[in-house]
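Notes follow once the structure below has been shown.
The values are calculated or read from the model by the stated rules, or taken from the named source; none is laboratory data. Remember, it's a predicted structure, so these values are computed and weren't measured experimentally. Using ideal geometry, Cβ is built from the backbone for each residue, glycine included, and neighbour counts are taken over all protein chains shown.
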Amino acid sequence: MCILTKVLIIGGGVSGLRLGSLLAKEDISFKILESRERVGGRVLTHNQDNNYFDLGPTWFWPDTEKTITNLITELNIPTIEQYNEGFSLLELSKHQTPKYVESSELNNKSRRIVGGISALVNVLKDSISTSNIELNKKVTSVIKNKNGTITVNTYDELKNNRINYNADILVLTLPPRLLLENISFKPSLPENIQIDLLSKPTWMGAQAKIVVTFDKAFWRDVNLSGNVVSWAGPLREIYDASTERDESALFGFFSLPPSIRNQYDKEAIHNKVIDQLVRLFGPKAKYYNNIFYKDWSQDKHTVTEGDKLNIESFPSYGQPPKYAENVIFSGTEYDEQHGGHLEGALSSSEKAYYKIKKLMSYK
Ligand SMILES: Cc1cc2nc3c(=O)[nH]c(=O)nc-3n(C[C@H](O)[C@H](O)[C@H](O)COP(=O)(O)OP(=O)(O)OC[C@H]3O[C@@H](n4cnc5c(N)ncnc54)[C@H](O)[C@@H]3O)c2cc1C
């Protein structure tokens, strides 16, 4: 079976969905092929009762990130400021009392989305007809045909079947290393493109995120923001993740690398984190309600083996050399200015949209 469409978008993360939402306003047929059972990609919000806890991205920065800020305003999505009052803790070792630092000195102003970042994903998804989004379609190969069109082969793991799609324009939004590892190209990707893709690690691919919820943000009562920078671990950074609704929470990023994290089961990780929170915030931290944990280094729809190594310096993100006029790279790692962030995912898809419009105006 081969399904025909004008534009094929590979990946239904923020970038693929934003591009889909723009094409949906035009008379341009398109399909989004997504390998997971859900859209959103690296955006993952745990919703419980009235509460929402982000296990993927949490923040955007209105002062420097205009694309996401304008989009959120245009879509009327409510936001809240990241809690940043009082003092942050600087933990130099397990055996030293943490230092107090004014929180405002450490953190620049970020905002969160009410309902979590998945609230943005849901609005984008709802602006696209469900018939344009195909889940469980892992793209395995891309063929450039003699007539210039592109054929894409997909594999559906659940149904164990393969479907082909054909389009005039192909947009690849999956992380560069994953693309290189999982999709074969005919003709093959030239060596300079392969090297370029390999040099762009998946942003946050080695990270894991943990959220611990409480009845009350007890740290605020003693003028602590909940923010911590720790050299002792297992969490390297901690922030307040309370919602404006019922529950209070802290979330953290790990200093433990994937190779060490993988030696422990979930319970052992949870215990280590609670021990650190008790060390920093006192015995009240023992009485948590829930723990939510997501290790992105284990997520085969996001990372390759090479991404499991921590990124030591900020990678140089941006566009790879051209493969074909009608094959476009979108997604956060392909954005030169804001690569890594949601802002990069969104602005790269807006650029892809204008490229598509230009290509179509030649026809
Ligand atoms: C823990 C964590 C914290 C973060 N914090 C922040 C933050 O606070 N602020 C911020 O701005 N950014 C943050 N980020 C980064 C942000 O999540 C990303 O920039 C953004 O989500 C990337 O969107 P994308 O669409 O480019 O890629 P992705 O979300 O990775 O989307 C790619 C899609 O392609 C799909 N796919 C993969 N392989 C295939 C295949 N073969 N065939 C079909 N589909 C495929 C994937 O399933 C996925 O849905 C964070 C990320 C993580 C993991």
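Got at least one residue in the range 1-18 being in the same structural domain as ALA217 (by TED's automatic domain parsing) and away from the ligand (no atom under 14 Å from the Cβ)? The answer is no, given that none of the residues of the range 1-18 is in the same structural domain as ALA217 (by TED's automatic domain parsing) and away from the ligand (no atom under 14 Å from the Cβ). Listed conditions (1) more than 10 Å from the ligand (Cβ to nearest atom); (2) crowded, with 21+ Cβ neighbours inside 10 Å; (3) acidic (Asp, Glu) are all met by GLU350, apart from (2). Just one of (1) within 14 Å of the ligand (Cβ to nearest atom); (2) at pLDDT below 95; (3) not in a helix (DSSP H, G or I) fails for ASP307. It is (3).
Yes or no: the range 83-92 includes at least one residue that is assigned to a helix (DSSP H, G or I) and either among the small types (Gly, Ala, Ser) or in the same structural domain as LEU158 (by TED's automatic domain parsing) (or both). Within the range 83-92 (the criterion being assigned to a helix (DSSP H, G or I) and either among the small types (Gly, Ala, Ser) or in the same structural domain as LEU158 (by TED's automatic domain parsing) (or both)), the answer is no, since none of the residues qualifies. Does the range 154-173 contain at least one residue that is farther than 30 Å from ILE269 by Cβ, in the same structural domain as GLY339 (by TED's automatic domain parsing) and in contact with a Pro (Cβ under 8 Å, 6 or more places away or on another chain)? No, the conditions are met nowhere in the range 154-173.
To keep it simple, each residue is scored yes or no on (1) within 24 Å of GLU333 (Cβ to Cβ); (2) among the charged types (D, E, K, R); (3) in contact (Cβ under 8 Å) with a residue 24 or more places away in the chain.
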site	(1), (2), (3)
ASN47	no, no, yes
GLN82	no, no, yes
GLU85	no, yes, yes
SER88	no, no, yes
LEU106	no, no, yes
GLY116	yes, no, yes
VAL121	yes, no, yes
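Quick one: GLY16 ticks every box in (1) in contact with an Asp or Glu (Cβ under 8 Å, 6 or more places away or on another chain); (2) within 25 Å of THR173 (Cβ to Cβ); (3) part of a strand (DSSP E or B) except a single one, so which number is it? With (1) in contact with an Asp or Glu (Cβ under 8 Å, 6 or more places away or on another chain); (2) within 25 Å of THR173 (Cβ to Cβ); (3) part of a strand (DSSP E or B) applied to GLY16, the lone miss is (3).
Of all the residues in the range 204-256, those that are among the hydroxyl-bearing types (Ser, Thr, Tyr) and farther than 19 Å from LYS99 by Cβ number 4. With respect to the conditions (1) near the ligand (Cβ under 7 Å from one of its atoms); (2) at positive phi, ASP49 falls short on a single one, namely (1).
If we scan the range 23-31, do we find a residue that is farther than 25 Å from LEU174 by Cβ and not assigned by TED's automatic domain parsing to the domain that holds LYS355? Checked the range 23-31: no residue is farther than 25 Å from LEU174 by Cβ and not assigned by TED's automatic domain parsing to the domain that holds LYS355. The residue that is nearest to VAL14 (Cα to Cα), counting only those in the range 315-331 that are within 13 Å of the ligand (Cβ to nearest atom) and assigned to a loop (DSSP other than H, G, I, E, B), is GLY331. Among the residues of the range 302-317, the ones that are touching an Asp or Glu at 6+ places or on another chain (Cβ under 9 Å) and not aromatic (Phe, Trp, Tyr) come to 5 in all.
The set of residues from the range 20-74 being acidic (Asp, Glu) and either surrounded by fewer than 17 Cβ atoms within 10 Å (Cβ to Cβ) or in a loop (DSSP other than H, G, I, E, B) (or both) comprises GLU26, ASP27, GLU34, GLU37, ASP49, ASP63, GLU65, GLU74. So, in the range 143-195, of the ones that are part of a strand (DSSP E or B) and near the ligand (Cβ under 10 Å from one of its atoms), which residue ends up surrounded by the fewest Cβ atoms within 10 Å (Cβ to Cβ)? Looking at the filtered set, the residue picked out is TYR155. Whether any residue in the range 197-207 is in contact (Cβ under 8 Å) with a residue 60 or more places away in the chain, within 12 Å of the ligand (Cβ to nearest atom) and of a type in the set (Gly, Ala, Ser) is what I want to check. Looking for residues that are in contact (Cβ under 8 Å) with a residue 60 or more places away in the chain, within 12 Å of the ligand (Cβ to nearest atom) and of a type in the set (Gly, Ala, Ser), one finds at least one in the range 197-207, hence yes. Of the residues making up the range 30-51, those that are modelled with pLDDT under 95 and in contact with a Ser or Thr (Cβ under 9 Å, 6 or more places away or on another chain) are ASN47, GLN48, ASN50, ASN51.
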